[in-house]
Amino acid sequence: MNPPRTDARRHHDPDVRGFASDNYAGVHPEVLAALAVANGGHQVAYGEDAYTENLQQVIRSHFGPTAEAFPVFNGTGANVVALQAVVDRWGAVICAESAHINVDEGGAPERVGGLKLLTVPTPDGKLTPELIDRQAYGWDDEHRAMPQVVSIAQTTELGTVYTPDEIRAICEHAHAHGMKVHVDGSRLANAAATLDVPLRTFTNAAGVDLLSLGGTKNGALFGEAVVVLNPDGIRHMKHLRKLSMQLASKMRFVSVQLEALLARDLWLRNARHANEMAQRLAEGVRAVHGVEILYPVRANAVFARLPHDVSERLQKRFRFYFWDEAAGDVRWMCAFDTTEDDVDMFVAALKEEMAR
Ligand SMILES: Cc1ncc(COP(=O)(O)O)c(C=O)c1O
């Protein structure tokens, strides 16, 4: 069959990729195909459709029989909806200072969710029970917002990864203080790929209560889900999602994307590939004198420090961002569609610019 006629024109070169963000990538062809399959006919709106129903089974196959998914539009929305479900008006969220909810969500947790964030500086983006204790106190003190949930990111903003044991220790510590644990899993697939364990090993099996499960960075067009893993004490999710403007009317098109990723192994193939490209990149640049890799490269991000003028020249050839411009720190991200050639050309360009 001929493809449907369209008047749309291509406004970009589909062979050009950079290292700015896994969000710069397009949509995995298998996800696009799944969207086409879900198209046509009428389906009940707002989540009562066959695709969302099937997604629940897929989610339960990963996370066990009590898991329930609430598809949403984006990661900020997932975090804001999830955290509201476990924080009272007088409560607070403990998180790393570098957490996306603290630095990259435009104040949405505070302004949309009304959430008070209690932040802790970390050396590598990871919280520990000891670091949590810097903010975990004063539950009976009405002068202080009451810590009610610990939010960690897996992988972290700095590309580091918690082991299942580290997450278990955080959950045991948080639960002993009556706090829930939320995971910002915008890159949960990348964590599972590098740990080489099922998703549940470092989420519900480790004690995590609820999760923001990423799809966009893993090859979706858009779409994430709040996944309630342990329903105890988590209520009104449906109402919170609508109130927070994250209820998609044509939800089948969010759900089918997550289903396409998670029903078989597309999520893992995509994440493994992105991680492998980051390893290749790290190995390539590690040998370059004057370039320092800042954190262990475990997933699909490489953070490096190099001379500012070199980065500026390199940015004219490949897109990427400064992370801390004053320090000369940059972030290079790989995606499901990054190729070995992309990496090798980038490393060669870096070598050239360093030698100039
Ligand atoms: C750790 C983390 N959480 C959440 C998000 C989701 O953000 P968005 O609202 O842009 O989908 C991102 C995106 O960059 C992220 O890196």
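List of remarks:
- Cα gyration tensor shape for the range 101-148, rounded if a/c is under 1.5, else prolate or oblate: oblate
- DSSP-defined beta bridges in the chain - what % are antiparallel, rounded to 5: 50 percent
- Between Asn74, Asn102, Asn39, the residue with the greatest mean-square fluctuation in the GNM of the chain (Cα pairs under 10 Å linked by springs) is Asn39.
- Binned Cα-Cα distance frequencies in the chain - 20 Å width, integer %: 30, 56, 14, 0
- Eligible lysines near Lys217 by straight Cα distance, threshold 28 Å, same-chain separation 8 or greater: Lys116, Lys126, Lys180, Lys238, Lys242, Lys250, Lys316
- Near Leu117, the amide H atoms lying under 5 Å from its own belong to Val93; only residues 5 or more places off or on other chains count, and H is placed 1.01 Å from N.
- Projecting the Cα positions of Leu258, Ala145, Met237 onto the charge dipole of the range 121-269 (unit charges on Cβ atoms of Lys, Arg, Asp and Glu, taken about the Cα centre) puts Leu258 furthest along the positive direction.
- Cα point-scatterer Debye curve for the range 6-66, base-10 log of I(q)/I(0) at q = 0.26 Å⁻¹: -1.14
- Taking the fewest neighbouring Cβ atoms within 10 Å as the starting point, the ordered list for Val150, Val112 is Val112, Val150.
- Fluctuation leader among Met237, Met345, Met251 - the chain, Gaussian network, Cα springs under 10 angstrom: Met345
- Close amide H pairs (under 5 Å, H built 1.01 Å from N) link Val226 with Phe70, Val72, Leu213, residues at least 5 positions away or on another chain.
- Mean residue ellipticity (222 nm) of the chain, computed from DSSP H runs ≥ 4 via -39,500 (n - 2.57), nearest 500: -10500 deg cm²/dmol
- Assuming charge only on the beta carbon of Lys and Arg (+1) and of Asp and Glu (-1), the dipole of the range 262-356 about its Cα centre is about 140 debye to the nearest 20.
- Ascending count of other beta-carbon atoms within 10 Å, so fewest first, for His175, His273, His11: His11, His175, His273
- Solvent-free Debye scattering, log10 I(q)/I(0), computed from the Cα coordinates of the range 266-355 at q = 0.10, 0.12 Å⁻¹: -0.23, -0.32
- At most 10 other Cβ within 10 Å, DSSP loop - GluC sites (Glu not before Pro), the range 74-169: Glu142
- Net +/- balance of residues flanking Trp90 in space, Cβ distance below 14 Å, scoring K and R +1, D and E -1: -1
- Summing charges over neighbours of Lys238, with a neighbour being any other residue whose Cβ is under 12 Å away from its Cβ, gives +1 when K and R count +1 and D and E count -1.
- Largest GNM mean-square fluctuation across Val37, Val86, Val291, computed for the chain with C-alpha springs under 10 Å, falls on Val37.
Taken together, the values in this text are just the output of simple stated rules run on the coordinates, not laboratory data. If you're wondering where the values come from, they're calculated on a predicted model, not measured in any experiment. Please note: Cβ atoms are built from the backbone with ideal geometry, for glycine as well, and neighbour counts cover all protein chains shown.
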